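Worksheet for the structure shown next.
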Amino acid sequence: MIKKNKRLLNLVRKAVDASFKDGKLQEKKAKDLIVDFKKLDKAQAIFALKEYLRGLKRMVNKNTLIVESAISLSSPDLSKIKKEISKDFKVSQTKQVINLTILGGIKVKLGDVILDNSLISKIKEVGRAIAS
């Protein structure tokens, strides 16, 4: 059973990779793969679908640019940020989050990469420098 799950997990990982083209989810491909996974016996289907969903979420988050700011940014501002980040990273979608705790500036997240140019991070940085 463990070998079967390892094989199935490898198959699911390949399916996740095949579900994306240029960092964007191919919905038709994903739906077709879900139909195929549902054809497995019940336990394997549940396992495969759970892992497939987890993999899809991971890939979507990896390519989603999250821009945090204390105020709402204009579409041109968001486009400029996306354009700059896209020079070095693959960005499939952009989300804006209003976060009053950062006080000012922006905080940009893309997958595991965080670029923090917020006022609160600068204040904390100065505080650490004074304390040491």
In segment 44-85, residue nearest to Ile98 (Cα to Cα) [restricted to those that are crowded, with 16+ Cβ neighbours inside 10 Å and of a type in the set (S, T, N, Q)]:
Ser69
Does segment 72-80 contain any residue that is within 21 Å of the chain's Cα centre (by Cα), modelled with pLDDT of 95 or more and of a type in the set (Lys, Arg)?
yes
Find all pairs meeting these conditions: Cβ atoms under 7 angstrom apart; at least six residues apart or on different chains; first residue within segment 113-126 and closer than 13 Å to Leu103 by Cβ; second residue of a type in the set (A, V, I, L, M) and assigned to a helix (DSSP H, G or I).
Ser118/Ile102; Leu119/Ile102; Ile120/Ile102
Quick check on Leu110: is it surrounded by 13 or more Cβ atoms within 10 Å (Cβ to Cβ), touching a Phe, Trp or Tyr at 6+ places or on another chain (Cβ under 6 Å), assigned by TED's automatic domain parsing to the domain that holds Ser121 and among the hydrophobic types (A, V, I, L, M, F, W, C)?
yes
Can you run down the residue pairs with Cβ atoms below 7 Å, 6 or more apart or on separate chains, where the first is in segment 76-92 and under 17 Å from Lys24 (Cβ atoms) and among the hydrophobic types (A, V, I, L, M, F, W, C) and the partner is assigned to a helix (DSSP H, G or I) and modelled with pLDDT of 90 or more?
Val91/Lys82; Val91/Ile85
So, restricting to helices (runs of 4 or more DSSP H) that lie completely within segment 1-104, which ones have at least 3 residues that are small (Gly, Ala, Ser)?
42-62, 75-86
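The values are calculated or read from the model by the stated rules, or taken from the named source; none is laboratory data. Just so it is clear, the model here is predicted, and its values are computed rather than measured. Please note: Cβ atoms are built from the backbone with ideal geometry, for glycine as well, and neighbour counts cover all protein chains shown.
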